[in-house]
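Asks: Sharing a structure, written as structure tokens. Questions coming.
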Amino acid sequence: MDKWTLRALTKIWTGDVGQKSDRLIPPGIMGSLRWWYEVLVRGLGGKACDPTSDVRCPDQNGRHCVACELFGCTGWARKFRLMVLDDRDQVVQNQIQANQTFILRFIPLRPIELQEWCLLDATLRLIADYGAIGGKTVFKPSDEPGRENALHHRDFGLLAVERRPKGIGCSREVAEEYARRPQWRRDFNDIAFAWASLQNFWCVNGRYLARQNADTSSFNFVIGRAEPKSQFSQGDSWLAGRRPDKQHGVEPESKKVFSFKDSEGCRTFGFVKPGLVEFDEMKRRLTQVWSNSQLEQEFQTGEQIFTKLFEQEEGE
């Protein structure tokens with residue numbers, strides 16, 4: 001029950017403290033897994049803290065959230081050890097390359113409930129079919145001649161699930177019951193990161209956003225930034241994220257739209273914020289840049305994705 005065989009569609013970046021990519025740094029994989037697990041848990045009606053912020057577990061009474069139950073927090077150890085292996089069961093030490101097959105093995109250190117295995121499996125399939133893993137996933141493609149292969153326009157972090165454990169599935173109702181158990185810590189203010197929920201997620205597979213020339217960028221149009229390169233420093237918005245400005249006390253904030261041009265993993269996904277940017281507004285913007293598309297059929301929301309994650313066969 002503890003092994004998933006995956007195939008990298010692109011390189012996977014887990015850079016070290018020197019921002020080099022030649023080595024695989026497993027905590028980079030772990031961090032992404034936890035982030036997407038939190039997205040799934042929030043979408044199921046549970047609450048997950050943000051371990052990178054001040055809103056992290058445990059609380060003053062030692063209680064922790066459902067995500068910390070599996071991934072650990074201060075005073076509560078992670079329930080598993082993660083090993084990244086190649087197809088000969090040897091530990092992967094170098095950066096994972098495109099088309100490389102690798103295995104994620106989760107070795108239990110304490111009992112892991114079936115619902116946790118189910119959520120972990122759903123998280124990996126969410127990443128593989130609709131998201132991305134590791135670092136440099138905020139890079140955006142370019143269609144400008146001569147710039148397509150520049151580092152900051154390359155795709156990283158796309159993968160496919162080749163094999164998953166048997167007997168690991170569960171229904172959405174079972175997953176929701178687990179995520180909402182009263183024993184988990186819920187009394188914290190998550191307004192700063194509650195948007196990172198599958199209920200706010202959308203994805204369009206097979207299409208990408210990019211810069212077309214010096215004056216036109218479908219990516220910038222969708223996130224609400226000025227399209228001309230000459231105005232690249234203008235247009236911060238919730239979707240576009242915010243650049244840091246120490247002088248004015250502005251902290252950095254990441255983009256909420258991600259796009260990948262890779263022929264096999266081509267996709268665009270992101271998040272909406274109820275009351276600010278709704279699904280209909282995202283579809284309107286995407287329809288404008290992807291003219292004559294069948295966007296109504298291609299645009300998938302988190303609610304539709306839930307059905308696919310919890311109604312598949314229980315492993316292969």
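Asks: Kindly evaluate Leu309 against the criterion of being open to solvent by less than 30 Å² (accessible area, probe 1.4 Å) and over 17 Å from the mean Cα position of the chain (by Cα).
Replies: On the way: open to solvent by less than 30 Å² (accessible area, probe 1.4 Å): yes; over 17 Å from the mean Cα position of the chain (by Cα): no.
No, not satisfied.
Asks: Sticking with this structure for a sec: Looking at the range 262-296 only, could you name the residues that are open to solvent by 70 Å² or more (accessible area, probe 1.4 Å) and at pLDDT below 90?
Replies: Scanning the range 262-296 gives Ser263, Ser291, Asn292, Gln294, Glu296.
Asks: Filter the range 91-131 for residues that are closer than 24 Å to Leu309 by Cα, open to solvent by 10 Å² or more (accessible area, probe 1.4 Å) and of a type in the set (A, V, I, L, M, F, W, C) and give the result.
Replies: Result: Ile103, Ile107, Ile112, Leu114, Trp117.
Asks: Of the residues that sit in the range 40-87 and are in a loop (DSSP other than H, G, I, E, B) and of a type in the set (A, V, I, L, M, F, W, C), which one is surrounded by the most Cβ atoms within 10 Å (Cβ to Cβ)? Quick ask: steps written out before the conclusion?
Replies: First, the residues of the range 40-87 that are in a loop (DSSP other than H, G, I, E, B): 44-65, 72, 74-75, 77-79, 87.
Now restrict to residues that are of a type in the set (A, V, I, L, M, F, W, C): 44, 48-49, 55, 57, 65, 77.
Details: Leu44: 24, Ala48: 31, Cys49: 24, Val55: 15, Cys57: 25, Cys65: 27, Ala77: 11.
Taking the candidates together, the pick is Ala48.
Asks: Restricting to the range 172-217, name every residue that is more than 18 Å from the chain's Cα centre (by Cα), modelled with pLDDT of 95 or more and hydroxyl-bearing (Ser, Thr, Tyr).
Replies: The one that is more than 18 Å from the chain's Cα centre (by Cα), modelled with pLDDT of 95 or more and hydroxyl-bearing (Ser, Thr, Tyr): Tyr178.
The values are calculated or read from the model by the stated rules, or taken from the named source; none is laboratory data. Because the structure is a prediction, the values reported are computed rather than measured. So basically every Cβ, Gly included, is an ideal-geometry build from the backbone, and we count neighbours across all protein chains shown. In case anyone asks, the SASA skips ligands and DNA or RNA and just uses the protein heavy atoms, side chains included. Shrake-Rupley method; radii C 1.70, N 1.55, O 1.52, S 1.80 Å.
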